[in-house]
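Let me begin by presenting the structure, written as structure tokens, before commenting on it.
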Amino acid sequence: MIKFDRVTKRYADGTVAVDDLSLEVPTGEITVFVGPSGCGKTTSLRMINRMIDATEGQILLDGVDVKTIDPPTLRRGIGYVIQQAGLFPHRKIVDNVATVPYLLGWDRKKARDRAMELLERVGLDLKMADRYPFQLSGGQQQRVGVARALAADPPVLLMDEPFSAVDPIVRTSLQEELLRLQAELNKTIVFVTHDIDEAIKLGDRVAVLRVGGRLAQLADPPTLLARPADDFVREFLGRDRGIRRLSFVSDEGLRLRADLTVSVSADVSTVRGADESWLAVVDGENRPLGWASVKDLPETGTLADVRLAPYGTFVRGRDSLRGALDAALLSPSGSAIAVDEEGRAEGVATREALDEALGKVAGGVGA
Amino acid sequence: MVAGKGGRVNWLIDFFGNPDNWSGPDGIPVRLLEHLEFSGLSLLLAMLIALPLGLWIGHTGKGALFAILSANAARALPTLGLLVLIVLLMGVGTIVPVLIPLVALAVPPILVNTYEGLRGVDPDLRDAAYGMGLRGSEVLGRVLVPVALPLILLGLRIAAIQVVSTATVAAYVGLGGLGRFIVDGLATKDFPRTIGGAVLVALLALIVQLGFALVQRVMVSPGVSQRQTIR
């Protein structure tokens, strides 16, 4: 655990970058520091590994004041990832990753083996190992940066806007990669970003800092979205808070109806009398094909002869209520088709079912 | 004297073709060795002064203004004037009077390029190096110097070429080196001798240039020079 105990950073000219910050970063979780520029988030991060020393207060790393540890020794035990990756251009990728193991005096073979293992782990082709940083794309370099930070297996990882210099598609894949890695490694991660969406996506807990280096709110993302502490946090969270909050609500509570799906080979006469205006048509393997409008059915034939309307699906148990709602809005029926991991229909979440689930969420805000 | 192209080529043949010019204390081999001695010693001394100073200033950022100002002042010194002054003060007899102006000539490019080379290293890289837990000296030796090496070598190359070319002035104060051929040739109107000396100096400068290109190729990481190593 990392504990900030009344930490202040004041520069010689009187500027206060961090003001009386007290918070705890729990072991094995991702804690995100987020806020506008000038809020002291990067300064706070850099005080942990003593790239900057606090003016007042203490930062305790598993109970030990970091100021009592010689900075290079401290830093070798903490992974550090920065925005532009900061790879050493004169060293091959494998040697970049092995930087800290080399410093710690591991033998060359062991350090390189470890580096190769990590390159694989962060999803890089091992052909990259013998290349130089300039031969890699920005996203690949950032993966190497993460591998390098993990090389000596430090319990703590500091990440300073690591994904903000890459394009949105690469950023999304790096974020997902980080969550996947974290599920395996359970590091104590402090992650700095100015992007609230990134904070909400990655953080187990999010610390919102305001200009002048004061903590505005520290909470898990659903709580932050549901109950921002004040106007500053509310404004910083931006629009669509309610909708975004649905991302954290599981779809498990959503009632499904299995009687609304019908096989494409069924004869129109068997469904004509149905008491519904839309039916979800599925193929022989139970995969959704589209919606059939009951009142527009032809006189004869099977459902294969019917022109089907577009549909949306969500993966039951994996997507959130937001995913289900999104799927419903993509269908003329206003209902969402629930599928399993293989894409086979499990049932239909009707407007009534969605309404019921949303009602529960809205009720939860007041609590 | 025959003017025209053929005449000048004949001068070179006269000079280089004459066996007397290849032996004895005034022969090409001896003069070449003397020249290399002046140049090599000057360059070595200049490196001993300028490299540590440039590394220290570039790494710590301290004394940069002082170093740049004095380097520029040193650049403005007229080498020949300085040489004559030192000879007047110290007399001739040793090679020291010729070393001082040559060292003064070689220090500025080495110092300035070393300092600028280190200063030009991406601050993110420095930050990452410290953040990984490298100590100050490790940051310098393992990161800054390898990355700044092309510029450091450039400074050394400029210094070496200037020194090799300028070491001819030793002859003006009665010392040896390839300058002897030029000075003596001019004094006796023996133009083949002058031209021959000049060609030798030019060749030497060219060899130095090629030598540095080779050193650069061997010492600078392909990752820094961005040579493609893998297709």
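The values are calculated or read from the model by the stated rules, or taken from the named source; none is laboratory data. Everything numeric in this text was worked out from a predicted model, so none of it was measured. Don't worry about glycine lacking a Cβ; one is built from the backbone with ideal geometry, like all the others, and counts go over all protein chains shown.
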Just give me the residues in segment B:57-88 being more than 13 Å from residue B:103 (Cβ to Cβ), surrounded by 12 or more Cβ atoms within 10 Å (Cβ to Cβ) and among the small types (Gly, Ala, Ser), in sequence order. B:58, B:63, B:64, B:67, B:70
Checklist (1) under 30 Å from residue B:140 (Cβ atoms); (2) touching a residue at least 60 places away in the same chain (Cβ under 8 Å); (3) of a type in the set (S, T, N, Q) applied to residue B:79, failing item: (1)
Residue ID - farthest from the chain's Cα centre (by Cα), chosen from residues in segment A:74-121 that are hydroxyl-bearing (Ser, Thr, Tyr) and facing chain B (nearest Cβ under 7 Å): A:99
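For residues in segment A:102-144 being acidic (Asp, Glu) and not in a helix (DSSP H, G or I), which is nearest to residue B:135 (Cα to Cα)?
Applying the filter and picking the extreme gives A:107.
Does residue A:30 satisfy being under 19 Å from residue A:155 (Cβ atoms) and surrounded by fewer than 20 Cβ atoms within 10 Å (Cβ to Cβ)?
Numbers: under 19 Å from residue A:155 (Cβ atoms): yes; surrounded by fewer than 20 Cβ atoms within 10 Å (Cβ to Cβ): no.
Against the criterion (under 19 Å from residue A:155 (Cβ atoms) and surrounded by fewer than 20 Cβ atoms within 10 Å (Cβ to Cβ)), residue A:30 does not qualify.
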Does residue B:93 meet the test of being assigned to a loop (DSSP other than H, G, I, E, B), within 23 Å of residue B:167 (Cα to Cα) and small (Gly, Ala, Ser)? yes
Of the conditions (1) in a loop (DSSP other than H, G, I, E, B); (2) over 17 Å from residue A:61 (Cα atoms), the single one that residue A:27 does not satisfy is (2)
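Report yes if some residue within segment B:93-100 is closer than 30 Å to residue B:130 by Cα and either among the small types (Gly, Ala, Ser) or surrounded by 11 or more Cβ atoms within 10 Å (Cβ to Cβ) (or both); otherwise report no.
From segment B:93-100, those closer than 30 Å to residue B:130 by Cα are none; that's our starting set.
Scanning segment B:93-100, I find no residue that is closer than 30 Å to residue B:130 by Cα and either among the small types (Gly, Ala, Ser) or surrounded by 11 or more Cβ atoms within 10 Å (Cβ to Cβ) (or both), so the answer is no.
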Looking at segment A:227-252, which of the residues that are buried (at least 19 other Cβ atoms within 10 Å of the Cβ) and in a loop (DSSP other than H, G, I, E, B) is farthest from the chain's Cα centre (by Cα)? A:228
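Considering only segment B:106-165, how many residues are charged (D, E, K, R), more than 19 Å from the chain's Cα centre (by Cα) and more than 11 Å from chain A (Cβ to nearest Cβ)?
From segment B:106-165, those charged (D, E, K, R) are B:116, B:119, B:122, B:124, B:126-127, B:135, B:138, B:142, B:157; that's our starting set.
Filter once more, keeping what is more than 19 Å from the chain's Cα centre (by Cα): B:119, B:122, B:124, B:126-127, B:135, B:138, B:142.
Those left that are additionally more than 11 Å from chain A (Cβ to nearest Cβ): B:119.
Looking only at that region, the number is 1.
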Index of the failed condition, residue B:173 passing every other in (1) touching a Pro at 6+ places or on another chain (Cβ under 7 Å); (2) at pLDDT 90 or above: (2)
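From the list B:126, B:135, B:180, which one is basic (Lys, Arg), touching a helix residue (DSSP H, G or I) at 6+ places or on another chain (Cβ under 9 Å) and touching a residue at least 24 places away in the same chain (Cβ under 8 Å)?
Going through B:126, B:135, B:180 in turn, just one is basic (Lys, Arg), touching a helix residue (DSSP H, G or I) at 6+ places or on another chain (Cβ under 9 Å) and touching a residue at least 24 places away in the same chain (Cβ under 8 Å): B:180.
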In segment B:113-120, is there at least one residue being outside any helix (DSSP H, G or I) and under 30 Å from residue B:59 (Cα atoms)? yes
Segment B:176-231 - residue that is among the small types (Gly, Ala, Ser) and in a loop (DSSP other than H, G, I, E, B) and, of those, nearest to the other protein chains (Cβ to nearest Cβ): B:221
Report yes if some residue within segment A:79-96 is in a helix (DSSP H, G or I) and among the polar types (S, T, N, Q); otherwise report no. yes
Mind listing whichever residues of segment A:209-267 are in contact with a helix residue (DSSP H, G or I) (Cβ under 6 Å, 6 or more places away or on another chain) and acidic (Asp, Glu)? A:251
Residue under question is residue A:118, and the condition is that it be among the aliphatic types (A, V, I, L, M), surrounded by fewer than 15 Cβ atoms within 10 Å (Cβ to Cβ), more than 29 Å from residue A:40 (Cα to Cα) and in the same structural domain as residue A:34 (by TED's automatic domain parsing); does it hold? no
